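*Asks:* I am attaching a structure below and will ask some questions about it afterwards.
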Amino acid sequence: MIKKAMILAAGFGKRLHPLTLKCPKPLLKVGNETLLSNTIKFLTHLGLEEVVINVHYLSDQIINYIDSGKFKIKIILINEKNKLLDTGGGVLNAISYFSNSPFIIINPDTIWGMNYIEDIKKMENFFFNNNKIKCSLLVVSKEKSFDKSLKTDFILKNNLIKRAIHKNDFEYIYTGLQIIRPETFLHIDEKIFSINKVWDKLIENEELYGIESSVNFMHISTLKIYQSLDKKLFKY
C-alpha cells in the first residue's frame with residue numbers, strides 16, 4: 001500500500017565517536033552490511049518503490065555510496081548542505097516528494113530484519129482502516145530492548161500514544177519507524193525543528209497512534225552498544 005519512504009541520515013552520530021569522526025553513522029557496518037544498506041534492503045523487501053534520503057554530515061561519503069548503484073530501488077538524495085534541519089525540518093524539506101500519499105519515515109540506527117515485516121503490515125492495515133489517522137508509530141516494550149539504558153518515551157493504551165507525567169509510567173520506546181500523512185506538516189512555518197514538535201501536537205489532540213512491535217529491539221545508540229551488537233549478530 002505504501003510506496004515511498006524517507007530515511008533520516010543527516011545526523012552527526014556523536015555518541016559513536018571516534019568511529020563517526022571520519023565515517024557517517026549510516027555507513028557503519030554491522031557484520032558485512034552498513035546500517036544504511038540494511039535499511040534500504042528492508043524497505044525494498046517491503047515492496048516500496050522510492051526512497052528519499054536526507055544527508056548533511058560527511059554527506060559526500062553517503063552520496064558516493066548510493067551512487068555506486070548497488071540498490072534495486074529508486075533513491076533520491078537531499079543534501080542539507082548549508083544547515084542541519086533536524087528530524088522534523090528534514091522531512092518538511094522533502095515533503096513535496098510524497099505528494100498527498102502516506103509514507104514511512106525510518107531511522108537507519110535500528111537493525112531492521114525480515115522479522116519486522118509482519119509488524120509493518122499490521123501498521124499499514126491499522127493506518128488505512130481509519131482515514132482520520134495522521135501518524136502511527138511502531139513502538140516496543142522496554143523489556144525487548146537490547147540496550148537497557150535507553151530512555152522510554154511513551155505509554156500506549158488502545159493504540160493511542162501519550163507522554164506520561166510520571167517517570168515510572170514510561171513503558172514504550174520508539175523503534176525508529178512511523179507512517180505519516182504529508183498533511184500533518186501543514187501550517188508549520190519553522191524550517192529547523194524536531195519531529196517531536198509534530199508528535200506533541202498530535203498527542204495534545206489525541207491523534208498520535210501506535211502499534212506495539214513483537215520484535216526484540218536492537219538499536220545502535222552508543223559505541224558500547226554498537227560493539228556489543230556487532231559481536232552478538234556476527235560472531236567471528
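The values are calculated or read from the model by the stated rules, or taken from the named source; none is laboratory data. Given the structure is predicted, the values throughout are model-derived calculations rather than measurements. Cβ: placed from backbone, ideal geometry, glycine included. Neighbour counts: every protein chain shown.
One line per residue, one yes/no per condition, for (1) of a type in the set (Asp, Glu); (2) under 19 Å from the mean Cα position of the chain (by Cα):
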site	(1), (2)
VAL52	no, yes
HIS56	no, yes
LYS72	no, no
GLU80	yes, yes
LEU85	no, yes
PHE103	no, yes
TRP112	no, yes
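*Asks:* How many of the residues in the range 47-76 are surrounded by fewer than 17 Cβ atoms within 10 Å (Cβ to Cβ), among the hydrophobic types (A, V, I, L, M, F, W, C) and not in a helix (DSSP H, G or I)?
*Replies:* Number of matching residues: 4.
*Asks:* So, in the range 102-150, how many residues would count as being closer than 26 Å to GLU206 by Cβ, small (Gly, Ala, Ser) and modelled with pLDDT under 95?
*Replies:* Matching residues across the range 102-150 total 1.
*Asks:* Okay, moving on. Yes or no: SER145 of a type in the set (Gly, Ala, Ser), within 22 Å of ASP230 (Cα to Cα) and buried (at least 18 other Cβ atoms within 10 Å of the Cβ)?
*Replies:* Against the criterion (of a type in the set (Gly, Ala, Ser), within 22 Å of ASP230 (Cα to Cα) and buried (at least 18 other Cβ atoms within 10 Å of the Cβ)), SER145 qualifies.
Results for (1) part of a loop (DSSP other than H, G, I, E, B); (2) β-branched (Val, Ile, Thr); (3) touching an Asp or Glu at 6+ places or on another chain (Cβ under 6 Å), shown as yes or no for each residue.
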| site | (1), (2), (3) |
| --- | --- |
| GLU143 | no, no, no |
| THR175 | no, yes, no |
| ILE192 | yes, yes, yes |
| VAL198 | no, yes, no |
| LYS231 | no, no, no |
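*Asks:* Among residues belonging to the range 27-42 that are over 22 Å from GLU118 (Cα atoms) and among the aliphatic types (A, V, I, L, M), point out the one that is modelled with the lowest pLDDT.
*Replies:* This residue is VAL30.
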